[in-house]
Amino acid sequence: MKRIITIAALLLGCAVCGAQDSVEALQEKYNRLVRTLGYDGVGVETTLERWEAVSPLDGNMLEGWFNFWITKSRSTEALPLDRQTYLGQKPLVSLKDSTGRIVNYFQVTNYDDEYFGKAASAIERAIAAHPDNLGYRLERIDALMAYEEGTPELALDALLKLIQEDQKGTVRWIYGGDTLQRSDFADLMQQYCYFLFQADEPGTLDAFYTISQKLFKSYPDKLDFLCNQGSYFLKAKGNYKKALKLFEDVLKKDPENRNALTNSVIAARKMGKKELAGKYHIRLAKLNEGK
C-alpha cells in the first residue's frame, strides 16, 4: 500500500510539473524575470529552454531567444573619434589632449559575432514560423542596422525585400496583434527613412535614397517619399538644382507641403537665388500663420 501511495504521489508531482510547464505559465515566468532582471538575467535561459521544449515554434519564445542573445552580444565603450558626430549623435564628452587639441569621445556599441549569429538565427526561425508577423521582420532589420552602423548593406537588402513582398499584396501584415493597413506599413517605412537620414553617414544616406525611391513607386500618393529624394540631393550630394526640382514636384501635388517649402527655401539660398528663396519663404510664412 505504501508503494502504491508513493507512485501515486510521484505521478501527481509529474502532473503538477507539467501544469507548471504550460506555455502560459512559462511566458508569465519569463515576463516576470525580464521585468526584474533584464533579457539575459539569471533564470531567463533556463525558462526559455523549458518553453522551447513545450512549444518549439512559439513566436514569443523565439523572440525571447533573440532578445537574450542580442543583449549578450552587445557591449559599449567610449572611443575617441576624429569627427563632430557619430551616427547622428553628438559626443558623450569632449576633452583636450596634451597638445590642447579637442578630442571627441562617442559611445560605440560592439557585438560578439557568435552571440549575434545566435540572435539572428532565433529571429529568422520566428519569421519562418510566423511570416505575416511584421514585428519579427522589423526586429531583424533593427538588429542589422545597429550591427552594420554606417554601412547598412544587409539591412538595406532586408528592407528592399520586405518592400517588394509588400508590393505583391499577398501578405496581410500583423503588427502588435493588429492587422495593418497599407498606409500603416508606409508610415513604418518612413520611420526607417528618418533614422537613416539622421544617421548622416554616406552609407545611410545612400540607403535612405534607395528606399525612398522604391517606396515612392509603391506609394505614389505618399509625397514624403518624393520629398525624401529631394532631401538626399540637398544634403548628401549638394545638387541644389535637382533637389529644388524634386521639391517643386511635391508642391505641384501639395502646394502647402511644409517640408517641401522649408527645404525649397534652403535649396534656393544655397543656389544664391535670394528672390526665389524669398518667394518660398513667403508661402511658408503664410502657411505658418494659418496654423
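The values are calculated or read from the model by the stated rules, or taken from the named source; none is laboratory data. Keep in mind that what you see is a predicted model, and the values were worked out from it rather than measured. In this analysis, Cβ positions are derived from the backbone assuming ideal geometry, glycine residues included, and neighbour counts consider all displayed protein chains. All accessible areas refer to the heavy atoms of the entire protein, side chains included, with ligands and DNA or RNA removed. Shrake-Rupley method; radii C 1.70, N 1.55, O 1.52, S 1.80 Å.
Computed values, structure above
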| quantity | calculated |
| --- | --- |
| Matching residues in region 163-182 - criterion: being over 15 Å from LYS214 (Cβ atoms), in contact (Cβ under 8 Å) with a residue 24 or more places away in the chain and not charged (D, E, K, R) | VAL171, TRP173, ILE174, TYR175, GLY176, LEU180 |
| Neighbours by Cβ (under 6 Å, 6+ apart or cross-chain): first from region 133-162, touching a residue at least 40 places away in the same chain (Cβ under 8 Å); second open to solvent by less than 40 Å² (accessible area, probe 1.4 Å) and among the aromatic types (Phe, Trp, Tyr) | LEU134/TRP173 |
| From LYS242, LYS222, residue being open to solvent by 40 Å² or more (accessible area, probe 1.4 Å), more than 16 Å from the chain's Cα centre (by Cα) and within 21 Å of LEU156 (Cα to Cα) | LYS222 |
| Hits in region 91-112 - residues which are under 20 Å from the mean Cα position of the chain (by Cα) and open to solvent by 80 Å² or more (accessible area, probe 1.4 Å) | GLN107 |
| Filter pass, LEU244 being modelled with pLDDT of 95 or more and assigned to a helix (DSSP H, G or I) | yes |
| Scan of region 259-277 for residues that are surrounded by 14 or more Cβ atoms within 10 Å (Cβ to Cβ), part of a helix (DSSP H, G or I) and either touching a residue at least 24 places away in the same chain (Cβ under 8 Å) or of a type outside the set (A, V, I, L, M) (or both), ordered by number | ASN259, ALA260, LEU261, THR262, ASN263, SER264, ILE266, ALA267, ALA268, ARG269, LYS270 |
| Sole exception among (1) assigned to a helix (DSSP H, G or I); (2) open to solvent by 80 Å² or more (accessible area, probe 1.4 Å); (3) farther than 20 Å from GLY135 by Cβ for ALA25, by number | (2) |
| Long-range neighbours under 6 Å by Cβ, at least six apart or interchain, first residue farther than 12 Å from GLY64 by Cα and of a type in the set (A, V, I, L, M, F, W, C) within region 19-43, second open to solvent by less than 60 Å² (accessible area, probe 1.4 Å) and not in a helix (DSSP H, G or I) | VAL23/SER55 |
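Yes or no, residue by residue, for (1) in a helix (DSSP H, G or I); (2) open to solvent by 20 Å² or more (accessible area, probe 1.4 Å); (3) modelled with pLDDT of 95 or more:
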residue: ARG137; (1), (2), (3): yes, yes, yes
residue: ASP142; (1), (2), (3): yes, yes, yes
residue: TYR147; (1), (2), (3): yes, yes, yes
residue: LEU154; (1), (2), (3): yes, yes, yes
residue: ASP157; (1), (2), (3): yes, yes, yes
residue: SER183; (1), (2), (3): yes, yes, no
residue: LEU205; (1), (2), (3): yes, no, yes
residue: PHE216; (1), (2), (3): yes, yes, yes
